[in-house]
Each structure stands twice: as structure tokens, then as C-alpha cells.
Amino acid sequence: MISIYLVLVVGCGLTQVSGQIDRRRFSNPTYYNVGGVLSSNESIAFFKDTISNLNFKDKYVPRGVTYHDYSILMDPNPIKTALNVCKDLIAHRVYAVVVSHPITGDLSPAAVSYTSGFYHIPVIGISSRDSAFSDKNIHVSFLRTVPPYSHQADVWVDVLKHFNYMKVIVIHSSDTDGRAIIGRFQTTSQSIDEDIDRKVVVEQVIEFEPGLDSFSDKLIEVKSAQARVFLMYASKTDAEIIFRDATYLNMTTTGYVWMVTEQALDAANAPEGLLGLRLVNATNEHAHIQDSIYVLASAIRDMNKSEEIYAPPSDCHNSGSTWTTGPLLFDYIRKQSLENGATGHVAFDDHGDRVHAEYDMVNVRAQGEHVAVGKYFYSIETQKMRLELKENEIIWMGRSSSKPEGFMIPTHLKVLTIEEKPFVYARRVAEEIECTTDEVLCPHYNASDEADQLYCCKGFCMDLLRYLSKAINFTYSLALSPDGQFGNYIIRNLSQPGAKKEWTGLIGELVYERADMIVAPLTINPERAEFIEFSKPFKYQGITILEKKPSRSSTLVSFLQPFSNTLWILVMVSVHVVALVLYLLDRFSPFGRFKLANIDGTEEDALNLSSAIWFAWGVLLNSGIGEGTPRSFSARVLGMVWAGFAMIIVASYTANLAAFLVLERPKTKLTGINDARLRNTMENLTCATVKGSAVDMYFRRQVELSNMYRTMEANNYDNAEQAIEDVKNGKLMAFIWDSSRLEFEAAQDCELVTAGELFGRSGYGVGLQKGSPWADLVTLAILDFHESGIMESLDNQWILRNNMLNCEENEKTPNTLGLKNMAGVFILVLAGIIGGIVLIVIEVVYKRHQIKKQKRMEIARHAADRWRGAVEKRKSLRASILPSQRRAKSNGVKETGSISLAVDRGLRRRDEPRVPRYMPAYTPDVSHLVV
């Protein structure tokens, strides 16, 4: 069974059952009560009539649905108003409350919002414009058909952009609405949807406490500012004080522009030429009542189609229950839109505030007359707000009919620069009078001890500054960066949505308007252009890499460079392999000298291994070979091939030696930014740039260079001077920086060279504040300098005067070989001489050893010969004695003594001493000599 909810209307309880059953599984009420807390009886009567007429509009009220009204008169006492809401509205189960504004007092609408919001009953305000009602933490269910005062900032932004006023001064009270309007203005003026070059810049904000007695001191502070456009949010009373003091200080005369909100527009002493805003239908309470009722009916109609609607609470004393339909109804009301409402196009934002409200632009004339000179309305075609102004009808301050410029161009500028050769040279001095005519005094910026921080600057940029000051007529005071930094941005509160970039260095001084201009080699890039203004480039350049020219590994072995180590080893091995093969061919060939030796009567020696090696080296070194040549045909064929090989090797070596020693020029180690050694983080190659510089920003911006940037980030320097010095000393292998500076350094020192082609092309520009009136003048002057040749003359004077002529001349002419180049050859000859001396000593020692050995062998040989002769004599003597002894024995004669004496005489040598007579006679035993 489908349950049917019956709703009690006017406290009658559950009286009637819905006559129409929805197709869904639930049914919604057919009676809806709407409450009203209005400021007058006329408004109450109109409220009743509007509800009554609503029931006959099928567009908003489906058939079978009826609306009833319950309204009370607003009491100035907020407590009584809250009690009346409980007693007369909530007790009758109202679905929503329409609230107006009391004639006196301001707190009653808030009391209605608090009371109804506690039970999540939507409240539609028709006249409350305080910004506090936008806070959904307090006013949880409050909507309104009028915009808050802070929404006038949207109209301000469009009016300023229409008149091209890009720099303003904002004056506002320090209450909720004042802080809300400046916050909304800054957010809207910096919207990313608009052109980045047309953002409105707030030069200064003046916040004051309500209830002013005097405003002169604050006005005097801003009188010297550049902006002449004042935006003011103040109450009528405070506005009268401000206008009084501004008139006294002549700040409401020709050249000034004042734009105010609705409250200040009603000031009695509003000056002639004032521009103000007035909300269309702001006081037409009946129109707002009608729009609010129709919006509510549209929301309930849409909600009926898809949501189950429960009856609202009926008792303020029952706080335990929660009306779940209330927040849903609030969201449906917030999503509604009336194209042709009584007050125009009705729509709400996320806070429930009215959007697309229409305003009139009012111009104050003489005797306080207010004349509408424009309107801000919703365009159905574009579905956006549109501004239309009748500029020719506007009377400006000082009764001028022409639009003021909106700013005062100062004639004296604070200019900052930085030491960067050859654009700026800084020389320390003790007194100002020490600067020469081509120098400009440039003390350190914000230096505490000026006497110790005086410098004189000259260079390309200093001459450019002189030309600019004469061309566009301004004076200047120059200051030098104390830390040598252009500036970098630091992102604060990175984890939070409101993260902001805070700039340091010279850029920060310009961003925060503590300086007017930067004349230095300042690279134009997107990060900087978002916060400061740039002129057209006065010099185009890019990024390149500086490195030291690679030196030869060793001058002592320069003559070995034509061939690689591998080739030298192969040549050495080839010599000995060919020598060995020659020896073997000649040794085993039947026609070699080993086989034909001495046959033809010659005494030519055969080819041995030593002669073969000598032959191979002799052919290779092109020396004459007088002996030890191969004899066989096979060996001679190999010798001819070896001679051809030697000719090619020697010719190649000679040609390459000339190229290496005479025409050789050191090449760069790197080929450019795409060199694999730079991209490879594992390569032992140190490269760096300057921290927080434009080059550093370039690497952070390029995704493909992220790996390289992470490697070089730890090596980055504080300034370019130190990095260039480390490149010269070999501590840094590659320094990445602006091409103009690095090419200049390479021209000063021929040992330095730039590697690869330029990348990250950009230009140097003059930096100015965002929206600076000098931007166009400086740009036009620089373009004129390019056309007239002034820039070319500055290039010739400062950048090209010490160009690369000397280095180029040295590059074009061949090198003259000296002892440094050929020292290795002389050392090789010296080594050969020393080696020869050492070898001859070894040969002499060896020869003496051989002679001694030969003498000992000769003595031994003589001894052996003597012994052999003695043995032979004894053999012959024995042979002659034995027959005689036999004959004597046969004859019986004893001749022993004479025979012994004869043998003794025969065996003793002539030079041997005779045996004394008194010694016993020696009788040799020759029995062993008998064969």
C-alpha cells in the first residue's frame, strides 16, 4: 500500500489528502506554506497577492498543488523578530521564509536567518547586502536576490579595463564588507581567463577604521604614488570625511579619477566628476518579493519530480529532529534561474548570493546631480555581464571632458643593475668624484654603509641607460645589486591551494615596486614576464656551453698520435712475424743459401733469424739493406709484399703526423646540449649554471632536460664569475650560461671555447614594473636605437672590440713545430744512444769474458796436447825398447842401468830440469802404454 503524507496548513493539522498519486512509490505534499518577514504592511499585502496569483500559474505550480502565505511585520528588535518567527511561521510548517530589511536596525534579518537556519529552513533575503550573509558556517540556509556589496568589485574591474586603467589605489573600511570587496577585487582582477598583459595592479591599499575624524595623513602617503585612480568603499559618513580631506589636498582635480560604491555615492560633498555604482531595482522591494517567490516555486516544482518531500518542523522547542528536506530545498533554490525576472536575470552562486545583478554607472555633476552614463547588465546573447558606457557624456574631475591618463609619470626613476661583463663593469671607489666621464655612480642597493659601498659602473648597459634617459627624458639614480643575483621565485605554502610565488633579488625589488627599472642583461622569459614588464629586446642571444679547450694527453709522445695503440702493436708484431716467416722460407727452400752455400764459389752467408729481423726492420724504416737478404724466390715475394706494406704504413704515418702536429686544433669535448655525456647522469662530467637565473628556469621548464637538471642542480653557482674562473682552472668541465657573456669570455681567453649551437634563444630586455607607463616609451626608444645603428655601435664598442680575431688568426695559420712538439723524437734518439752505449758496454764485458774463457780453453788444449805427445813418445819408445830387451835376455846381457838411463833421457823433455845425480834414478812405468 502506498503511504500518503498529509500536510497541515495554517496550523489546521492534517486536513486533506493529496488528490494525485505520483507514479513513484511515494507521494509529496500538495500544500506548501511560505513565510514572510517584511518591512511594511504594503509589502505584506503584495506578498499575499503574489502567492495568490502564483497558484494560477501552471508554469510554476503543477495542477493539484497550492501555496499559502504566512507573513509578519519585521520588528527592529532582533529577539522579538526571532520569537515571532517561531510563533507565527515555523509553527505553521513553512517551507521557506522571505525576509526583508527593517526600516531601522540591521540585526533583525540575521535573527531570522539564525532561527530558520537552525531547522534548515531556507531563507531568501531581498534587501540584505552585508557580506557576512555569504558565510555558510553561520548563515547555513540563507540566499538573496540582491548581491552583496563586495560584488561591486566585478563592475570595477570591467570599468577599469574599459578605460585601460591598469594601476589603482584602493581605499576601504576595515569591516567585513571592506575586506570582502578588496579580496574579491584582487581575485577578479588577476583572473587567469583574462589577457595576462591587462591585469589590473593594485599599487597601494589603504584600510581605515570606520568613524573617521581625519584622513589627510593617509592621503598624503599616496599622493606621490604613480596611480591616480582611486577605488573607495566607505560608508556615507566616512566618505564625507575622505572627500573633504581629498579636496583640501587638491586630489579631486584634473588628472584624478575616483570610483566609489553605492554608500559613498550618497555623500553630500561628493566631488564633481565622481563615478559611482548604483544597483538597479535595489529599493524595489515588491520586485524582489515576486522574484523570490517564483524562484521558490520553481525549486519545489523541480524537487517534486525526483525527491521525496517531508513536512517541515512545527515547533521551535523540538530541536532533536532534523528536517532532511531543508538542505535539499536550499540546493534546488540555489540552482534556479529566472531569465526575465522582475529584477532582471536571477541566478545564484555557490554561496547563495545573487549573480548577474544590474548596475547603473552614475556620474556626479554640479550641485550633486547624479546622471547615469552607463549600465552593467546581463546579455542573453553572450550569457555574460556586459558593460556599456557613454564616454562622451562623462564629466571628469576638474570638469574635464577628456579621459585622464590615470597615472602620474615620475621623471626620476630608481634604476637597478648588476655586474655582468661586458654589459656592466663595476669599479670600487672611495668617493663619488673618482668616477670618470664614461662611468656612472652605482652604490650597492640598500647598503648600510654607503661610504664603503661606492662603485663606478660602465659598459654596454650603462651607455644604453644614458641613451634612454636622453631619448624619453627622465633622470635616474643607479644602484648595484649587492649579491649579484637577478632574483628567483620561491613558492610559499606549496601544499595549500593559495600557494604564491615570492620573488627575491632585483626582480623582487621590481615586483614589490621598490624600484622602477632594471637595466642589465636581463633575460626575457615567461616566469619573469608574468610579474614584471619587459621592453623589446635590446640584444638577442641564447644559451650555450663554455668549456676549456682539451689539451693533448702528452707532448712527449706526440709523434705516436697518428696511429692508435692497437695499430702500433700490430705493426710491431707484423715486423717480427714477417721476419720469422722469411727465415723459415729461406731456410727450407731448396734454392735458399742454406742449400746453395759455396757451390758457386761465393762466400755469402746464409739468412739467419737475426738477419731476417734486420731485413724486416730495414724495409719498414726505409734504410739500405746491404746484407742478409733472402735468396729463395718465395722469401723474395714475401719481401716485396712487406716492402709495399711498409710503404703504405710510412706514407700514412707521415700524412697523419703532419695533420696532428702541424694542423691539429683542439676540438670541444661536448657537441652541444644534446651530447649524450650531458644527458647521461652516470657520466663523470660536471656541468653547472647560476642558481635562480633565467638559464636555471629554462632547465626547470624543459621536461626532457629534467634528468640533466637534477644532476647539475647540486653544482650550480651563486654567480657567473666564480663559475667561469672554475672552468679556467679545470674545476668545472662545462658552464651553461648566456651566449653573449660566454662568447665574450672565449674571445678574451683562447683556451676557452663555446660548444655546440645556441639553444633556448631569447633576448635581453629592460625590466619595468607591471603596467609601468614607461614600458611603451622604452620599447619605442630601443626599436629606434636598432634602426639608427646605436645598438650596433654599442656592440662594436663593448662586445666585439676584443673579439676573436687573434684566436681566429692562430686557428687559420699552421702551427710551427718546436721542441715541445718534437721532444719525444729527441728523447727517442737519446734513448737509442743510451741504449747503444749500454749494449756496447755489455758487449765489451761479454767479449772479455769470452776471451778469458778462450784462454783457459787454450791452456787446457795445450796441456792436453802435451800429454797426448808424451803418451805418443812413450808408446814409440816402448815399442823400440822391448825388442832390445828381448834380444838381451836371449843373449844373457844385463843392460838394465843403461836402458833405464836411456829411457829416462828419452822421456824427459828438453826444458825439464834434470834429476840430480844424488837422487835415485827415475824409471818410468811404461807397461800401461803397451797396446
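The values are calculated or read from the model by the stated rules, or taken from the named source; none is laboratory data. Since the model is a prediction, treat every value here as computed from it, not as a measurement. Glycine also receives a Cβ, built like all others from the backbone with ideal geometry; neighbour counts cover every protein chain displayed. Areas reflect the complete protein model, heavy atoms only, side chains present, ligands, DNA and RNA absent. Shrake-Rupley method; radii C 1.70, N 1.55, O 1.52, S 1.80 Å.
Some values worked out for this structure:
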{"read-out": "Residue within region 127-139 that is in a strand (DSSP E or B), surrounded by fewer than 23 Cβ atoms within 10 Å (Cβ to Cβ), hydrophobic (A, V, I, L, M, F, W, C) and modelled with pLDDT of 90 or more present", "value": "no"}
{"read-out": "In region 41-70, the residues that are among the charged types (D, E, K, R) and farther than 25 Å from Ser27 by Cα", "value": "Glu42, Lys48, Asp49"}
{"read-out": "Any hit, region 144-156, residues being touching a residue at least 40 places away in the same chain (Cβ under 8 Å), of a type outside the set (S, T, N, Q) and over 18 Å from Leu277 (Cα atoms)", "value": "yes"}
{"read-out": "Residue in region 445-465 that is more than 27 Å from Lys223 (Cα to Cα) and either touching a Gly at 6+ places or on another chain (Cβ under 8 Å) or of a type in the set (Val, Ile, Thr) (or both) present", "value": "no"}
{"read-out": "Verdict on Tyr294 being crowded, with 21+ Cβ neighbours inside 10 Å and among the aromatic types (Phe, Trp, Tyr)", "value": "no"}
{"read-out": "Those residues of region 342-387 which are free of Cβ contacts under 8 Å to residues at least 12 places away in the same chain and either assigned to a strand (DSSP E or B) or aromatic (Phe, Trp, Tyr) (or both), in sequence order", "value": "Ala347, Ser379, Lys384, Arg386"}
{"read-out": "Helices (runs of 4 or more DSSP H) (entirely within region 698-765) containing at least 2 residues that are at positive phi and in contact with a Phe, Trp or Tyr (Cβ under 9 Å, 6 or more places away or on another chain)", "value": "none"}
{"read-out": "Inter-residue pairs, beta-carbon under 7 Å, first farther than 17 Å from Met251 by Cβ and in region 395-412, second open to solvent by 70 Å² or more (accessible area, probe 1.4 Å), 6+ apart", "value": "Ile395/Ser401; Lys403/Glu391; Thr411/Thr475; His412/Thr475"}
{"read-out": "Selection within region 100-124 - of a type in the set (A, V, I, L, M) and open to solvent by 40 Å² or more (accessible area, probe 1.4 Å)", "value": "Ile103, Leu107"}
{"read-out": "Counted residues, region 92-126 - those being modelled with pLDDT under 90, assigned to a helix (DSSP H, G or I) and more than 60 Å from the chain's Cα centre (by Cα)", "value": "0"}
{"read-out": "From Gly818, Gly835, Gly789, residue being surrounded by fewer than 13 Cβ atoms within 10 Å (Cβ to Cβ), modelled with pLDDT of 75 or more, over 31 Å from the mean Cα position of the chain (by Cα) and not polar (S, T, N, Q)", "value": "Gly789"}
{"read-out": "Test: residue in region 70-78 that is open to solvent by 40 Å² or more (accessible area, probe 1.4 Å) and in contact (Cβ under 8 Å) with a residue 60 or more places away in the chain", "value": "no"}
{"read-out": "Restricting region 151-168 to residues that are under 16 Å from Pro773 (Cα atoms) and under 36 Å from the mean Cα position of the chain (by Cα), the residue that is most open to solvent (accessible area, probe 1.4 Å)", "value": "Asn164"}
{"read-out": "Residue, nearest to the chain's Cα centre (by Cα), within region 49-58, restricted to residues that are surrounded by 10 or more Cβ atoms within 10 Å (Cβ to Cβ) and farther than 17 Å from Ala287 by Cβ", "value": "Asn55"}
{"read-out": "Total residues in region 283-314, condition assigned to a loop (DSSP other than H, G, I, E, B) and either of a type in the set (S, T, N, Q) or in contact with a Cys (Cβ under 8 Å, 6 or more places away or on another chain) (or both)", "value": "3"}
{"read-out": "Breaking point among (1) farther than 18 Å from Glu285 by Cβ; (2) open to solvent by less than 10 Å² (accessible area, probe 1.4 Å), for Pro148", "value": "(1)"}
{"read-out": "One residue from Glu502, Glu527 being surrounded by fewer than 20 Cβ atoms within 10 Å (Cβ to Cβ) and in a helix (DSSP H, G or I)", "value": "Glu527"}
{"read-out": "Subset of region 726-758 that is without any contact (Cβ under 8 Å) to a residue 40 or more places away in the chain and among the acidic types (Asp, Glu) - its residue that is surrounded by the fewest Cβ atoms within 10 Å (Cβ to Cβ)", "value": "Asp749"}
{"read-out": "Some residue of region 587-605 being small (Gly, Ala, Ser) and modelled with pLDDT of 75 or more", "value": "no"}
{"read-out": "Elements of type strands (runs of 3 or more DSSP E) contained in region 408-487, each with 1 or more residues being in contact with a Lys or Arg (Cβ under 9 Å, 6 or more places away or on another chain), of a type in the set (Lys, Arg) and open to solvent by 30 Å² or more (accessible area, probe 1.4 Å)", "value": "412-417, 425-428, 455-458"}
